[in-house]
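A.B. asks: Sharing a structure here in structure tokens format.
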Amino acid sequence: MVIHTQKETLVKALSSVAKSEKIGFVPTMGALHQGHMSLVNKALGENDLVVVSIFVNPTQFNNIADLAKYPRTPEDDILLLKNLKGNVIVYLPEVSDLYNDSVSSKKYNFGGLENEMEGKHRSGHFDGVGTIVSKLLKIVKPNTAYFGEKDFQQLQIVKKLVSIEKLPVKIVGCPILREKNGLAMSSRNKRLSAKIFEESNIIYKTLKEVQEKFSYTSIADLNALVAERFLQNPYLNLEYFEIANEKTLKTAKRKNKGSKYRAFIAAFAGEVRLIDNMPLN
Ligand code: PAF
């Protein structure tokens, strides 16, 4: 496994890869867990070489404290990746390698996808994601890039980004991996106390209940049910619950035949913000 900290050396190494070889790419912000490893393993199974980037991107954080507290475990990350069988290249840059003089993001129009859910609650977040993913895809030039479905809105936005910028890469979404108690795996889980970790399974349990009841319950009743479940739990604060059209990500008020719906939750477990989602039909 080779580690590059500078894009110049990474680009040079990748330029010597034969055209017939397939390059997979897994962009991450580090603090790797089994969810990330499932993406890397899938990429290894489908490509000759896999680039994993580890970079906590400052422009996608709308909250300075969240950026400062984001878990950073580069040594552990490298150990995990070293144990894999296969051709892995790690890109572990400093901020200055990806942002020259100004650490700022480009303004994007993702056709409205950016204005729903996370977009409403994390101003500028998707401009930051679009900026960094675009930069990384242009450096790595992979055949295929892999993103987790936990960040379902991000996945849809990245697909839109590559179509807007006409980047020749296939974007693959990968299923959410869960802890034993159902909590979606996330780097942020490292910040939860044992008690809050256990209580946080209310997110999964509630999504599951909504999924089970979706076919015979109105959206208004499901919204009320979720609000009630969270009111009963003193450890988690619901930021939003939405049932949205899977394609447009627009809030659904009622169910239309032929449309696909997904339920989305963002909640604070103490100071830690958790998100999750589940398909409904
Ligand atoms: O999902 C993430 O970890 C990040 O948003 C990404 C895609 C690596 C961009 O910084």
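The values are calculated or read from the model by the stated rules, or taken from the named source; none is laboratory data. None of these values were measured; they are calculated from a predicted model. Quick reminder, even Gly has a Cβ in these numbers, built from the backbone with ideal geometry, and neighbours come from all protein chains shown. Accessible surface is based on the protein model in full, side chains and every heavy atom, while ligands, DNA and RNA are left aside. Shrake-Rupley method; radii C 1.70, N 1.55, O 1.52, S 1.80 Å.
A.B. asks: When DSSP assigns beta bridges and you keep just the ones with both residues in the chain, what percent turn out antiparallel, to the nearest 5?
C.D. replies: Values: 19 of 39 bridges.
Taking every DSSP beta bridge with both residues in the chain, the antiparallel ones total about 50 percent.
A.B. asks: Shifting gears a bit: Given a 1.4 Å probe and every protein chain left where it sits, what share in percent of the accessible area of the range 1-81 is carbon and sulfur?
C.D. replies: On the way: 2150 of 3870 Å².
Its accessible area is 55 percent carbon and sulfur atoms.
A.B. asks: Please give the net charge around Ser105, taking every other residue with its beta carbon less than 11 angstrom from that of Ser105, where Lys and Arg add +1 and Asp and Glu add -1. Don't skip to the answer; put the middle values down first.
C.D. replies: Working: positive: Lys106, Lys107, Lys135; negative: Asp127.
In short, +2.
A.B. asks: Counting only the heavy atoms of the protein chains, how much of Ser215 is accessible to a 1.4 Å probe, in Å² to the nearest 10?
C.D. replies: 100 Å²
A.B. asks: Moving on to the next point. Helix 219-231 versus the longest principal axis of the chain: what angle, 0 to 90°, nearest 10, using Cα atoms?
C.D. replies: Compared with the principal axis, the helix lies near 80 degrees.
A.B. asks: Let me ask something else. What angle, in degrees between 0 and 90 and rounded to the nearest 10, separates the Cα long axis of helix 152-164 from the longest principal axis of the Cα atoms of the chain?
C.D. replies: Tilt relative to the chain: about 50 degrees.
A.B. asks: For the range 128-281, which whole-number percentage of the solvent-accessible area (1.4 Å probe, protein heavy atoms only) is attributable to carbon and sulfur atoms? Walk me through the intermediate numbers first.
C.D. replies: Details: 3790 of 7200 Å².
Of all accessible area on the range 128-281, carbon and sulfur atoms account for 53 percent.
A.B. asks: Probe radius 1.4 Å, ligands and nucleic acids left out: which of Asp127, Asp48, Asp101 has the largest accessible area, and how do the rest follow?
C.D. replies: On the way: Asp127 25, Asp48 75, Asp101 150 Å².
Most to least solvent-accessible, the answer reads Asp101, Asp48, Asp127.
A.B. asks: Heavy atoms of the protein only, probe of 1.4 Å, neighbouring chains included. What is the accessible area of Glu246 in Å², nearest 10?
C.D. replies: It works out to around 40 Å².
A.B. asks: Turning to a different aspect of this structure: Cα atoms only: what Rg and Dmax, in Å, come out for the range 144-281?
C.D. replies: Expressed in Å, the Cα Rg and Dmax of the range 144-281 come to 15.7, 48.
A.B. asks: Just to be sure I understand: if I project the alpha-carbon convex hull of the range 34-183 onto a plane and average over all orientations, what area do I get in nm²? List each step's numbers first, then the result.
C.D. replies: On the way: hull surface 38.5 nm².
Answer in nm², one decimal: 9.6.
A.B. asks: Where a Cα-Cα gap under 16 Å defines reach, which aspartates and glutamates qualify for Lys213, not counting those fewer than 8 residues away within the same chain?
C.D. replies: Cα-Cα hits under 16 Å: Asp221, Glu228, Glu242.
A.B. asks: Using C-alpha positions alone, give me the convex hull volume of the chain per residue in cubic angstrom. If you can, show how the numbers build up before the last one.
C.D. replies: Values: hull volume 37.9 nm³, N = 281.
Output value, Cα hull per residue: 135 Å³.
A.B. asks: Could you work out how far helix 34-46 tilts from the main Cα principal axis of the chain, as a 0 to 90 degree angle to the nearest 10?
C.D. replies: 50 degrees
A.B. asks: So how long is each side of the range 102-209 along the principal axes, counting just the alpha-carbon atoms, biggest first, in Å?
C.D. replies: Cα extents, longest axis first: 44, 29, 29 Å.
A.B. asks: Starting from the residue with the highest accessible area, list Asp77, Asp221 in decreasing order, probe 1.4 Å. Spell out each step's value before the answer.
C.D. replies: On the way: Asp77 5, Asp221 90 Å².
From most exposed to least exposed: Asp221, Asp77.
A.B. asks: What accessible area per residue comes out for the chain, rounded to a whole number of Å², with a 1.4 Å probe?
C.D. replies: Working: 13650 Å² over 281 residues.
Here the residues of the chain average 49 Å² of exposed surface.
A.B. asks: Here's another thing I want to ask about it. Lysine pairs in the range 1-86 with Cα distance under 30 Å, only those 8 or more apart or on different chains: how many are there?
C.D. replies: 20
A.B. asks: If ligands, DNA and RNA are left out, what is the accessible area of Arg229 with a 1.4 Å probe, given in Å² to the nearest 10?
C.D. replies: Approximately 80 Å² for this residue.
A.B. asks: In addition: Given the Cα-Cα distance of Lys106 and Lys213 and 0.36 nm per residue of separation, how much length would full extension add, in nm? Could you put the intermediate results ahead of the total?
C.D. replies: On the way: separation 107, 0.36 × 107 = 38.52 nm, distance 4.12 nm.
Stretched out fully, the Lys106 to Lys213 stretch lengthens by 34.4 nm.
A.B. asks: Could I ask something else about it? Which order do Met1, Met278, Met29 take by accessible area at a 1.4 Å probe, largest first?
C.D. replies: Numbers: Met1 85, Met278 10, Met29 35 Å².
Largest accessible area first, the list is Met1, Met29, Met278.
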